[in-house]
DNA sequence: TCAGGTTCGGTTACTATATAACGCAGGTGC
DNA sequence: GCACCTGCGTTATATAGTAACCGAACCTGA
């Protein structure tokens, strides 16, 4: 359960695509980085750095905080994962799987958004251009040059609303 | 310098307005909360909880982490300050000053956005409806009920771009 | 006037998140 | 060989945030 990648094969394919993408940008997806990426991808929910560290220790007993943080920094730079600021946690980038020729240049991020369900903890990644454009417009209007955007929201997902989990908090009985 | 409120008088007026607003919502702006709010307001840049704690200790020698965090939680609930997630820091809410009759209900947040300058650290608060609406639309489209949104961006402010601080990072020579 | 609640905040201890600084191993180029 | 770079192990520490317990102040109702 909680598998972001359905099968080992799929995972391998995703990791290889990531490796290829790194190479194209002159970076190297080393064994450590590949392990950390695999751990992030195999959980489709955001994973804290220390939760990740615990998992990593199974494969790499000597692992310490800098071990994971360095790998995470690399993966963030490569756009292979995202950080969910509200949770101080990391999650695979949905875009990273599809290998469109140029990758995205992490300077030309099209923007992404996270919706975090307070009921079940599910985190949904959107890639809504209207949101990205509205923010870009607002920034341009005050002469601000965007480099990286963080758009996150907390609330209730459709499933939790349907099952009434949102009712208690959203509409008091 | 770095005064969000131009004068002591202005600050007092802002604090009194905040107190009035708290009363209306059945809450109390105690001396501690008032001190913490004043410290946040007198710095127009985001302030970390521990930086705040240091300042607070001048007035309240026994202050400890829970002292500030409890006050900050209260001020956040009242909508008097915001948390900048990317910085784990707190900043006064620009809206809180103007005392429009009903306050805003912190359930009906109209949404706000922060633009954080990587050059000078300035943090600009926007209140752009287009951004808020775009996000609300995107959420509704996937059946997600928003409760609280976090929209933050890092980049370069107009002043830093003009003085060339952004050139190095934004447009390689 | 006293028991019972509530809010507020002091205090101690702790957990969680993140980074600094040092150093070494392996590759690359001269 | 020597200088340089990247990657990472290792130790220590900084920063951020909470849990739990306690007592003071203040209500309230009997």
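Computed from the coordinates by the stated procedures, all read-outs in this text should not be read as laboratory data. Everything quoted here is computed from the prediction, not taken from an experiment. Cβ: placed from backbone, ideal geometry, glycine included. Neighbour counts: every protein chain shown.
Label-to-label distances for residue A:73 across copies, nearest first, come out at 3.3 nm, using points 7 Å from Cα in the beta-carbon direction. Listed peptides B:73-79, B:137-143 appear in the order B:73-79, B:137-143 once ranked by packing, highest mean of other Cβ atoms within 10 Å at the front.
Seen through its C-alpha gyration tensor, with square-root eigenvalues sorted a ≥ b ≥ c, the protein assembly as shown comes out prolate because a/c lies at 1.5 or above while a/b is bigger than b/c.
For chain A, rounded, prolate or oblate, judged on the Cα gyration tensor with a ≥ b ≥ c (square roots of eigenvalues), a/c < 1.5 rounded, else prolate if a/b > b/c? Because a/c hits 1.5 or more and a/b fails to exceed b/c, chain A counts as oblate. When each of A:50, A:69 is scored by the number of other beta-carbon atoms lying within 10 Å, the sequence from fewest to most is A:50, A:69.
Under the definition of partner shielding as Cβ atoms of other protein chains within 10 Å of a residue Cβ, what is the mean value for peptide B:36-47?
Numbers: counts 0, 0, 0, 0, 0, 0, 0, 0, 0, 0, 0, 0.
Mean shielding count: 0.
Taking A:41, A:146, A:56 as the candidate residues, the one with maximal mean-square fluctuation in a Gaussian network model of chain A, Cα springs under 10 Å, is A:146.
Could you give the distance between the Cα centres of region B:58-99 and region A:42-57, to the whole Å? Cα centroid of region B:58-99 versus Cα centroid of region A:42-57: 31 Å apart. First measure r as the distance between the Cβ atoms of residue A:125 and residue A:154, then evaluate 1/(1 + (r/R0)^6) with R0 = 25 Å and state the FRET efficiency to the nearest 0.05. The calculated FRET efficiency here is 0.95.
Position residue A:159: other-copy label points at 4.8 nm, ordered by increasing distance, label point 7 Å along Cα→C-beta.
Starting from the label point of residue B:127 at 7 Å along Cα→Cβ, the same points in the other copies fall at 3.5 nm, in ascending order.
Taking 7 Å steps out from each Cα toward its Cβ at residue A:51 and residue A:142 produces label points 3.3 nm apart. Shielding by partners for peptide A:52-61, expressed as the average number of C-beta atoms from other protein chains within 10 Å of each residue's C-beta, is 0. Neighbouring Cβ atoms from other chains, within 10 Å of the Cβ of residues in A:152-161, number 5 on average.
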